[in-house]
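The values are calculated or read from the model by the stated rules, or taken from the named source; none is laboratory data. Since the model is a prediction, treat every value here as computed from it, not as a measurement. Backbone-built Cβ (ideal geometry, glycine too); neighbour counts: all protein chains shown.
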Amino acid sequence: MNTKEWALIIFTVLAQMSVGSFVVLGFIHFFTRRSAGTEAADRMSDRALLAIGPVLILAMIASLFHLGNPLFAPRAITNLANSWLSREILFGVLFAVTGGVFAIMQWRKISSFAVRNVIALVAAAIGLALVGSMAMVYMLRSQPAWNSLATPISFFVTTFLLGLFAVAAAFMANYGYLKNKDADCAEENCVLVRRALCWITSTSLVLLGVTLLVIPLYITSLGAGTGASLESVRLLSGEHIWLFGLRIALVFLGAGVLGFYLYQNAATPGHEKLMRALAYSAFALVFVAEVVGRFLFYASHVRIGV
């Protein structure tokens, strides 16, 4: 695999994680604010929000290395009427701008909550459009391994699975910060974090189920094809079989096994140290699993024709 495809792996995985984290964090903040008030919700979420921006910037920098000459990047946005790639670039820039504006307004508490909420909803919608555009870029008849419903499904599963566990890890890091700074705030935060982690892990188990259902259906559909489709199956079941198995094992261990234990410990007070270790470990395993999965996405495609 060449440098350009590694750039795409980094770009797509990190950008999707940024979108997923933004949406998940916004959802949790909204319901936490309703149950515990604005101040408690902000204390739990604001530092996690600021971590999303650097990840997205890193993703966009990586995307430049896919181009033959990064200086020509502005030209790639000139065909919005016909090109999903141009739309992907536009939505990526718009998500970075609107998400950045919201982060600054939220951190500095500029304007009212209602105004900030509208901007956050717009940014989230643009982010989801970005992920959708990413998937459509690969829906090509000349690429049977990509031209499948499995592509948009897997892109959105990656978005939310990484978003869920990135937010879980960020919440535990923030709890540790608050515990060192203000023990009283940390105790209130801990109750809210435990509640959020129960929802996060429950949702992750659903997404894991989707993943484990889509993968065999996808392989079966490729196996029913001919030519390039069968060559893709051969690559996955031969040359890359160990990576294929590793990806399934890692996502099962991270989102399934560790996710389940994280839920159990979050449901009972007093297990904060173990919760932190589980949250960090689950995020690491799921992140590596999604990187491996995206590597296989690029490594197993076979073009029809020239």
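Checked against (1) among the hydrophobic types (A, V, I, L, M, F, W, C); (2) closer than 25 Å to L162 by Cα; (3) within 24 Å of the chain's Cα centre (by Cα); (4) modelled with pLDDT under 95, L67 meets all criteria but (2). Against the criterion of being without any contact (Cβ under 8 Å) to a residue 60 or more places away in the chain and assigned by TED's automatic domain parsing to the domain that holds I248, L208 qualifies.
W242 meets each of the listed conditions (1) more than 22 Å from the chain's Cα centre (by Cα); (2) at pLDDT below 95 apart from (2). Within segment 6-42, the set of residues being crowded, with 18+ Cβ neighbours inside 10 Å, farther than 30 Å from F295 by Cβ and touching a Leu at 6+ places or on another chain (Cβ under 7 Å) comprises T32 only. Being under 14 Å from the mean Cα position of the chain (by Cα) and farther than 24 Å from L274 by Cβ is a property that does not hold for V137. Counting only helices (runs of 4 or more DSSP H) that sit wholly inside segment 232-306, not one has at least 1 residues that are in contact with a strand residue (DSSP E or B) (Cβ under 9 Å, 6 or more places away or on another chain).
If you go through segment 76-115 and pick out every residue that is loosely packed, with under 12 Cβ neighbours inside 10 Å and at pLDDT below 80, you end up with 3.
Which residue out of T203, T226 is outside the structural domain of S35 (by TED's automatic domain parsing), polar (S, T, N, Q) and closer than 18 Å to M17 by Cα? Of the residues listed, the single one that is outside the structural domain of S35 (by TED's automatic domain parsing), polar (S, T, N, Q) and closer than 18 Å to M17 by Cα is T203.
The set of residues from segment 1-23 being of a type outside the set (G, A, S) and closer than 18 Å to V101 by Cα comprises V19, F22, V23. Across segment 247-280, which residue is modelled with the lowest pLDDT among those that are more than 19 Å from L207 (Cβ to Cβ) and of a type in the set (A, V, I, L, M)? Here the residue is A267. Return yes when V131 is of a type in the set (A, V, I, L, M), modelled with pLDDT of 95 or more, part of a helix (DSSP H, G or I) and out of contact with any Phe, Trp or Tyr (no Cβ under 8 Å at 6 or more places or on another chain) and no when it is not. Spelling it out, it is not the case that V131 is of a type in the set (A, V, I, L, M), modelled with pLDDT of 95 or more, part of a helix (DSSP H, G or I) and out of contact with any Phe, Trp or Tyr (no Cβ under 8 Å at 6 or more places or on another chain).
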